[in-house]
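> Below is the structure I would like to discuss, written out as structure tokens.
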Amino acid sequence: MPSRDTSRAAANRRRILDVAFAELLRDPDASMDQIARAAGVVRRTVYGHFPTREALVSAILDDAVEMVAAARASGMEGATDPAESLARATLAAWQVADRYRLLLALAQRSVTVQGIRERLAPVREASLEMLQRGLDQGLFTSSLSAPALMFLHEQMLMALMDAVNNGLLASDTAGPAAAVAVLTVSGVPAPQATALVSKLGSGDGGLSADSG
């Protein structure tokens, strides 16, 4: 059984992460002092859990990746067709990723793009088999290998998050747009991709608004 001190420390860490996320959304340049005040703890407590601001941003990113991975897995559950699996996974993951997209630029400054890619490894591994199956069945028609296609999907989704952040894409249509883009770059004809994503978005495909 965890001790009372251990439980309190875990609760403080969780509170600091939650408050830091909200503060960094409000002000990407928020200092550790600001975050400590907002969390109702002394500065030393924040530094006790996160030695640097970069470590704090990294921990928030770890949370985001875990949630994205869980959302993708939940979205794909029960789907056997690779195109539907890919669409479901993208729609479900975007619901989570959209919460964190404003921190993307901050994370890229603090963690590096390579660090973000390394954290996405579990998500990537879970998707490779599905992409390979789609290529083998001819449902995806791409000259790229499954790993290269997965890499392209990752870069595209991060670029689309940047596009929303910069006002180039409406946030309320970004999820379906991302799913259609991922399908079409995989070689699914645009009309078929659009119809599939529309069906899933309407609930006919079994993906509700709060899936994942």
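> I'd like the Karplus ³J(HN,Hα) series for segment 13-26: coefficients 6.51, -1.76, 1.60, θ = phi - 60°, whole numbers in Hz, and an x wherever there's a Gly or Pro.
Taking θ as phi minus 60°, the curve returns 4, 5, 5, 4, 4, 5, 5, 4, 4, 5, 5, 6, 5, 6 Hz for segment 13-26.
> In Å and from the alpha-carbon atoms only, list the Rg and Dmax of the chain.
In order Rg, Dmax, the Cα atoms of the chain give 19.0, 58 Å.
> Quick check: net charge around Leu25, other residues with Cβ under 13 Å of its Cβ, Lys/Arg +1 and Asp/Glu -1?
-2
> Once phi is turned into ³J(HN,Hα) by the Karplus curve 6.51 cos²θ - 1.76 cosθ + 1.60 with θ = phi - 60°, what whole-Hz value does each residue of segment 54-67 show in order, with x for glycine and proline?
For segment 54-67, the Karplus curve yields 4, 5, 5, 4, 4, 5, 4, 5, 4, 4, 4, 5, 4, 5 Hz.
> Can you work out ³J(HN,Hα) from phi for every residue in segment 126-136, in order, using Karplus 6.51 cos²θ - 1.76 cosθ + 1.60 and θ = phi - 60°, giving whole Hz and x for Gly and Pro?
Running phi through 6.51 cos²θ - 1.76 cosθ + 1.60 with θ = phi - 60° gives 5, 9, 4, 4, 5, 5, 5, 5, x, 5, 5 Hz.
> Follow-up question, since we're still on this one. Taking the full set of protein chains and a 1.4 angstrom probe, give the accessible area of Thr194 in square angstrom, rounded to the nearest 10.
Ignoring ligands and nucleic acids, Thr194 comes out at about 70 Å².
> With every protein chain left in place, what is the accessible area per residue of the chain in square angstrom, probe 1.4 Å? Mind showing how you got there, number by number?
On the way: 10610 Å² over 212 residues.
Normalised by residue count, the accessible surface of the chain is 50 Å².
> Of the accessible area of the chain, with the probe set at 1.4 angstrom, what percent is carbon plus sulfur?
Carbon and sulfur atoms account for 55 percent of the accessible area of the chain.
> In segment 1-104, what chymotrypsin sites (Phe, Trp or Tyr not before Pro) fall in a loop by DSSP, with at most 15 other Cβ atoms inside 10 Å?
The qualifying sites: there are none.
The values are calculated or read from the model by the stated rules, or taken from the named source; none is laboratory data. Being a predicted model, the structure only gives us computed values, none of them experimental. Glycine gets a Cβ as well: all are built from the backbone with ideal geometry, and neighbour counts include every protein chain shown. SASA here: full protein model, heavy atoms, side chains in, ligands and nucleic acids out. Shrake-Rupley method; radii C 1.70, N 1.55, O 1.52, S 1.80 Å.
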